[in-house]
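One structure is given here, and the rest of the page talks about it.
The values are calculated or read from the model by the stated rules, or taken from the named source; none is laboratory data. Treat the numbers as computed from the prediction; the structure is a model and nothing was measured. Here Cβ is always computed from backbone atoms with ideal geometry, including for glycine, and neighbour counts include all displayed protein chains. The protein model used for the area step is the full one, side chains on, heavy atoms only, and it has no ligands, DNA or RNA in it. Shrake-Rupley method; radii C 1.70, N 1.55, O 1.52, S 1.80 Å.
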Amino acid sequence: MTENIFLFVPNLIGYARIVLALLSFYLMPFSPWNATFCYLLSSLLDSFDGHAARALNQSTKFGAMLDMLTDRCATMCLLVNLSLLYPSYTFLFQLSMCLDIASHWLHLHSSTVKGFSSHKTIDLSGNPVLRLYYTSRPVLFVMCMGNELFYCLLYLAYHLEQPAAWLFYLQVLCGIICVIKSLISVVHLVTASQNMAALDAAERESAAKAH
C-alpha cells in the first residue's frame with residue numbers, strides 16, 4: 001500500500017505552521033500581541049516537525065520543501081509589514097528578504113541535486129560555518145529564533161507607546177543574532193553557488209568524456 005506523504009506527522013505540523021502564520025498576518029494590523037504569539041508559535045513548531053520526521057522516519061523531500069517555504073514566506077511577509085511601519089528602512093528589509101530567499105533556495109536546490117533529503121543535511125567535508133550551523137541544534141535554534149524574535153520585537157516596538165527596558169536590551173541582543181545570521185546567509189549563498197558550479201563542471205566533464 002502506498003504511503004500518503006501528505007499525511008505524515010511532520011507535514012501535518014507544517015500545515016499547522018502555515019495556518020498560524022496566516023492568522024498572524026491577518027492579525028498584524030490590529031492585534032499586535034496575538035499576531036506575535038501566532039507568528040512565534042509557528043516558528044517554534046519548526047523544531048518539532050524536524051524531531052517528528054527523525055523519530056518517525058518520515059523525512060521527505062516534500063516536507064523539506066514545505067518547511068523551507070513556510071520559513072521563507074513567513075519571514076518575508078513580516079518584513080513586508082515592517083517596511084510599511086518603518087518606510088525609511090525599506091531598502092534594508094528588501095535586502096534581507098532577497099538574501100534570505102536566494103541563499104536558502106539555492107542551498108536547498110544544491111542539496112537536493114547532490115542527493116540530500118533536506119537543506120538541513122550538510123556535507124561534513126564542506127564549509128565549517130555551515131557545518132556548525134546545521135550540526136549543532138542549539139546554534140541553529142538560537143540563530144533562527146533570535147532572528148525571528150528581532151523582527152517581531154521591531155513590530156511590537158512600533159505598537160508600544162513605552163516599551164519596557166528589558167525589551168530594548170532583548171532587541172539589541174536579537175539584533176546582533178540577526179546580523180550574524182545574515183552573514184551566515186551570505187556564506188550559504190556563496191557555498192551553494194560553488195556547489196552548483198562544481199556540479200555543472202563535473203557534468204560537462206562527463207559529457208565531454210562520453211563524446
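Structure values in brief
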| item | result |
| --- | --- |
| Filtered residue count, region 194-211, keeping only those that are at pLDDT 90 or above and touching a helix residue (DSSP H, G or I) at 6+ places or on another chain (Cβ under 9 Å) | 0 |
| Selection within region 1-34 - of a type in the set (S, T, Y), open to solvent by 80 Å² or more (accessible area, probe 1.4 Å) and part of a helix (DSSP H, G or I) | Y26 |
| Total residues in region 55-71, condition closer than 17 Å to L44 by Cβ and either among the β-branched types (V, I, T) or open to solvent by 20 Å² or more (accessible area, probe 1.4 Å) (or both) | 3 |
| Test: residue in region 118-139 that is assigned to a helix (DSSP H, G or I), at pLDDT 90 or above and among the aliphatic types (A, V, I, L, M) | yes |
| Conditions (1) open to solvent by 30 Å² or more (accessible area, probe 1.4 Å); (2) closer than 19 Å to V179 by Cβ: number failed by W105 | (2) |
| Among the candidates I176, I184, residue that is β-branched (V, I, T) and open to solvent by less than 40 Å² (accessible area, probe 1.4 Å) | I184 |
| Hits in region 78-102 (condition: surrounded by 17 or more Cβ atoms within 10 Å (Cβ to Cβ), within 18 Å of L40 (Cβ to Cβ) and either in contact with a Gly (Cβ under 6 Å, 6 or more places away or on another chain) or of a type in the set (A, V, I, L, M, F, W, C) (or both)) | L78, L79, L82 |
